[in-house]
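Worksheet: one structure, shown below.
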Amino acid sequence: MFRALDWNALGREAVQLLGEYLRIDTTNPPGNEDRATTFLSRILSEEGIDCQVHESAPGRSNLYARLEGDGSKRAVVLLSHSDVVPADRRYWSVDPFGGEVRDGYIWGRGALDMKNLGIAELVVFLALHRNRFPLKRDVIFLVTADEEAGGSAGARWITRNRPELVSDAEFLINESGKGRLENGRAVYSIDITEKSPCWVRLVARGEPGHGSRPKPHSAVNRLIRALSAIMTYTPPIKVTDAAERYFEGIAHLQKDGYRKRFANIRESVRDRRFLTDLLRNQHHAAILRNTISITMLQGSDKINIIPQAATAELDCRLLPGEEPGDFVQELKQVVGDDGIEIETILNFGNSSSPFASPVVEAVREVVSRHHERAEVVPNILSGFTDSHYFRELGIHCYGFMPFLLIDEELRRIHGNDERISVENMERGPRILYEVIEKLCG
């Protein structure tokens with residue numbers, strides 16, 4: 001029988017479960033996501049919910065469960081990933097895998113990326129089951145491995161090997177879209193698309209030798225000259241359709257002088273002064289051009305040896321619609337040295353999901369009930385998630401996390417002392433539940 005839920009108790013349960021989840025070390029590499037699926041499958045089994053565990057590699061697995069509706073509408077997927085990036089314990093004030101609750105926060109690697117949403121989705125899934133909510137859509141709970149390394153053992157494996165698990169889904173809710181406070185107003189962003197990775201490796205070669213006899217055209221010197229050219233290169237501004245929708249969507253939140261400019265961003269970026277001011281915002285800069293970050297370097301293993309080869313790895317992110325092959329050719333022209341090899345490590349395309357959507361309308365209605373002043377705006381993620389694999393199957397994917405976060409907290413993602421407030425973990429599952437209730441009722 002459908003009944004009112006005790007959200008105080010469910011909030012406490014969410015906090016407890018997140019602490020337990022954070023204590024499971026799923027650092028990728030190597031991942032060891034079997035530990036997470038064992039934890040989650042035990043909880044589902046104790047609730048009488050059937051689930052499936054799909055092994056993609058030794059020690060790596062993905063979890064799938066489904067609550068059936070009446071079939072009158074297509075399914076919705078609650079997606080999360082169980083792996084986390086490494087944490088250097090030397091720079092943390094707490095054990096990154098301790099799941100400690102202190103000073104009103106839950107601390108640990110994955111507290112924001114993204115075991116928090118995984119637990120919020122789990123609590124929503126459990127509440128729907130316990131309450132026997134009359135669903136018009138099936139609700140799928142899917143937890144994948146390997147997102148932090150590109151998803152080969154996770155979302156890619158699922159969509160390539162078991163696409164029938166989600167092929168009937170219309171919508172998918174995933175990580176990244178977040179809430180923030182702006183001038184007393186709760187602003188929730190919903191990711192409708194994201195930039196694509198084009199990770200590349202530069203390889204320079206030259207004559208090896210003893211370090212006491214410098215060689216002007218050594219592999220290291222050639223690589224440094226190539227990287228210097230890349231560092232001085234600024235990719236051109238490109239206003240994509242997705243960027244245009246983003247700026248139109250947030251135009252009404254700007255100061256008077258900027259509202260019209262944001263609403264007509266294609267024309268506005270022609271104004272050099274306006275563009276200079278706009279690009280001071282790192283997010284705006286990232287969604288208006290392809291970006292290049294030099295992240296890894298390797299030369300000799302010994303100080304007195306001039307190596308035969310030197311390498312650099314670049315984290316490049318491409319705007320929606322950009323062709324990786326064209327971008328690599330652009331890099332080759334920038335480098336201007338045919339002796340520098342450029343190898344592609346990882347790349348894939350991406351598409352967008354419509355902002356005019358029942359998911360967005362459900363979020364807008366729910367957050368307006370929870371906040372006196374609330375806004376829902378479209379967003380382009382400058383990074384990438386697993387959503388692109390499911391967009392390839394025709395599923396409309398949205399990044400939405402039902403948490404209000406401040407910049408100081410966001411800076412801890414992939415950084416030190418990652419944490420989320422107890423208040424967020426108590427409130428977030430209720431917001432997400434009400435969104436699913438609206439979407440599936």
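Nothing in this text is a laboratory measurement; each read-out follows from the coordinates by a stated rule. Predicted model, so just to flag it, every value in this text is computed and none were measured. Counting neighbours? That spans all protein chains shown, and the Cβs are built from the backbone with ideal geometry, glycine included.
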* Structure fact -> Scanning the chain, every Cys lacking a C-beta partner under 4.7 angstrom -> Cys51, Cys397, Cys440
* Asked: Can you give the relative contact order of the chain as a percent, counting alpha carbon pairs under 8 Å and 6+ residues apart?
  -> 25
* Asked: When the Cα centres of the stretch 368-441 and the stretch 239-275 are compared, how far apart do they sit, in Å?
  -> 24
* Asked: Out of residues 5 or more away from Phe141 or on other chains, whose amide H comes under 5 Å of its own, with H placed 1.01 Å from N in the peptide plane?
  -> Ala65, Arg66, Leu67, Leu78
* Asked: About its Cα centre, what dipole magnitude does the chain give when the only charges are +1 on Lys and Arg Cβ and -1 on Asp and Glu Cβ, stated in debye to the nearest 20?
  -> 1020
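Just for the chain, what percent of DSSP beta bridges are antiparallel, to the closest 5?
That works out to approximately 65 percent antiparallel.
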* Multiply the residue separation of Glu47 and Arg132 by 0.36 nm, subtract the distance between their alpha-carbon atoms, and state the gained length in nm to one decimal. => 29.4 nm
* Asked: Taking +1 at the Cβ of each Lys and Arg and -1 at the Cβ of each Asp and Glu, which of Leu135, Ile158, Gly108 sits farthest along the dipole of the stretch 87-188 towards its positive end, judged by Cα position relative to the Cα centre?
  -> Leu135
* Structure fact -> Non-local residues with an amide H under 5 Å from the amide H of Leu346, with H modelled 1.01 Å from N and Pro and chain starts lacking one, are Trp199
* Asked: Which of Leu172, Leu439 comes first, and how do the rest follow, when ranked by fewest Cβ neighbours within 10 Å?
  -> Leu439, Leu172
* Residues of the stretch 277-306 with amide nitrogen under 15 Å from the 7 Å Cα-to-Cβ point of Gln333? -> 290
* Asked: GNM, the chain, Cα, under 10 Å: largest mean-square fluctuation among Pro216, Pro402, Pro134?
  -> Pro216
* Asked: How do Ser167, Ser189, Ser268 rank when sorted from fewest to most other Cβ atoms within 10 Å of their own Cβ?
  -> Ser167, Ser268, Ser189
* **the stretch 24-139: relative contact order as a whole-number percent, Cα under 8 Å and 6+ apart** => 31
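What dipole magnitude, in Debye to the nearest 20, does the stretch 241-286 give about its Cα centre under +1 on Lys/Arg Cβ and -1 on Asp/Glu Cβ?
Working: 10 positive and 7 negative charges, 36 e Å.
So the dipole magnitude of the stretch 241-286 works out to roughly 180 debye.
For the chain, what does -39500 (n - 2.57) per DSSP helix run (n ≥ 4), summed and divided by total residues, give at 222 nm, in deg cm²/dmol to the nearest 500?
-10500 deg cm²/dmol
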* To do: Report ³J(HN,Hα) in whole Hz for each residue of the stretch 225-232, in order, from the Karplus equation J = 6.51 cos²θ - 1.76 cosθ + 1.60 where θ = phi - 60°; Gly and Pro get x.
  => 5, 5, 5, 4, 5, 5, 5, 8
* Dipole-positive endmost among Leu78, Pro354, Ile380 within the chain (Cβ charges, Cα centre) -> Ile380
* **Ranked Phe355, Phe403, Phe348, criterion: other C-beta atoms within 10 Å, fewest first** => Phe348, Phe355, Phe403
* the stretch 416-423 - phi-based ³J(HN,Hα) in whole Hz, Karplus 6.51/-1.76/1.60, Gly and Pro as x -> 9, 6, 4, 7, 9, 6, 4, 4
* Structure fact -> Under 5 Å from the placed amide H of Gln308, counting only residues 5+ away or on other chains, we find none
* Which ³J(HN,Hα) values, rounded to whole Hz and listed in residue order, are derived for the stretch 345-354 from phi using the Karplus coefficients 6.51, -1.76 and 1.60 in 6.51 cos²θ - 1.76 cosθ + 1.60 with θ = phi - 60°, glycine and proline given as x? -> 8, 8, 7, 7, x, 7, 9, 10, 10, x
* Going by average Cβ neighbours within 10 Å, how do the peptides 49-61, 112-124, 326-338, 24-36 rank, with the highest at the top? -> 112-124, 24-36, 49-61, 326-338
* Relative contact order (percent) for the stretch 314-405, with alpha-carbon contacts under 8 angstrom and 6 or more residues of separation? -> 28
* **Exceeding the 27 Å Cα-Cα cut-off - candidates Lys260/Lys332; Lys195/Lys438; Lys238/Lys260** => Lys260/Lys332; Lys195/Lys438
* Structure fact -> GNM on the chain, Cα springs under 10 Å; top mean-square fluctuation among Phe384, Phe262, Phe274 goes to Phe274
* **Chain lengthening between Thr234 and Arg266 when straightened (0.36 nm per residue, less Cα-Cα)** => 9.6 nm
